[in-house]
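Engineer: My questions all concern the structure below.
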Amino acid sequence: MTTFYRQEGAQSAQVLVSFNGGTPTPVKSYTADVISKPQSLTVAVPAGASSASFRFRYTGANNWYWTIDGVKVTAS
């Protein structure tokens, strides 16, 4: 994925994953500016998992932002 993130004040951003409908777990948190940076996230899949759900959570009340593009999920 490629992401652009601007940090200001009490804002936060996270990538979360849940397996088989379970509780979402953060796999990446953003706490500082990330400008035009392709990123790879490696997520360990627990034994017996048959489905995964990824979520992108942003909270903020200011004029900064988080954009996400080019998300791919692949097996290795």
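The values are calculated or read from the model by the stated rules, or taken from the named source; none is laboratory data. All figures in this text were calculated on a predicted structure; none of them were measured in a lab. Reconstructed Cβ throughout: ideal geometry from the backbone, glycine too, with neighbour counts over all protein chains shown.
Engineer: Taking the residues in region 8-38 that are assigned to a loop (DSSP other than H, G, I, E, B) and at pLDDT 85 or above as candidates, determine which candidate is farthest from Tyr65 (Cα to Cα).
Structural biologist: Out of the qualifying residues, it is Asn20.
Engineer: Check Val45, Val71 and return the single one that is touching a residue at least 60 places away in the same chain (Cβ under 8 Å), part of a loop (DSSP other than H, G, I, E, B) and among the β-branched types (Val, Ile, Thr).
Structural biologist: Step by step, each of Val45, Val71 is checked, and only Val71 is touching a residue at least 60 places away in the same chain (Cβ under 8 Å), part of a loop (DSSP other than H, G, I, E, B) and among the β-branched types (Val, Ile, Thr).
Engineer: Sticking with this structure for a sec: State yes or no: is Thr3 over 9 Å from the mean Cα position of the chain (by Cα) and assigned to a loop (DSSP other than H, G, I, E, B)?
Structural biologist: For Thr3, the condition - over 9 Å from the mean Cα position of the chain (by Cα) and assigned to a loop (DSSP other than H, G, I, E, B) - is not met.
Engineer: Of everything in region 37-70, what is β-branched (Val, Ile, Thr) and either touching a helix residue (DSSP H, G or I) at 6+ places or on another chain (Cβ under 9 Å) or farther than 19 Å from Arg6 by Cα (or both)? Give them in sequence order.
Structural biologist: If the condition is that a residue be β-branched (Val, Ile, Thr) and either touching a helix residue (DSSP H, G or I) at 6+ places or on another chain (Cβ under 9 Å) or farther than 19 Å from Arg6 by Cα (or both), then Thr42, Val43, Val45 are the ones that fit.
Engineer: If the requirement is being surrounded by 10 or more Cβ atoms within 10 Å (Cβ to Cβ) and either polar (S, T, N, Q) or at pLDDT below 90 (or both), which of these qualifies: Tyr58, Tyr65?
Structural biologist: Selected residue: Tyr65, the only one of Tyr58, Tyr65 that is surrounded by 10 or more Cβ atoms within 10 Å (Cβ to Cβ) and either polar (S, T, N, Q) or at pLDDT below 90 (or both).
Engineer: If you take the residues in region 13-36 that are free of Cβ contacts under 8 Å to residues at least 40 places away in the same chain and within 15 Å of Thr2 (Cα to Cα), which one is nearest to the chain's Cα centre (by Cα)?
Structural biologist: By that ranking, first place goes to Lys28.
Engineer: Checking the condition in contact with a Gly (Cβ under 7 Å, 6 or more places away or on another chain) and either basic (Lys, Arg) or within 18 Å of Tyr58 (Cα to Cα) (or both), which residue from Gln11, Gln7, Gln39 passes?
Structural biologist: Answer to the check: Gln11.
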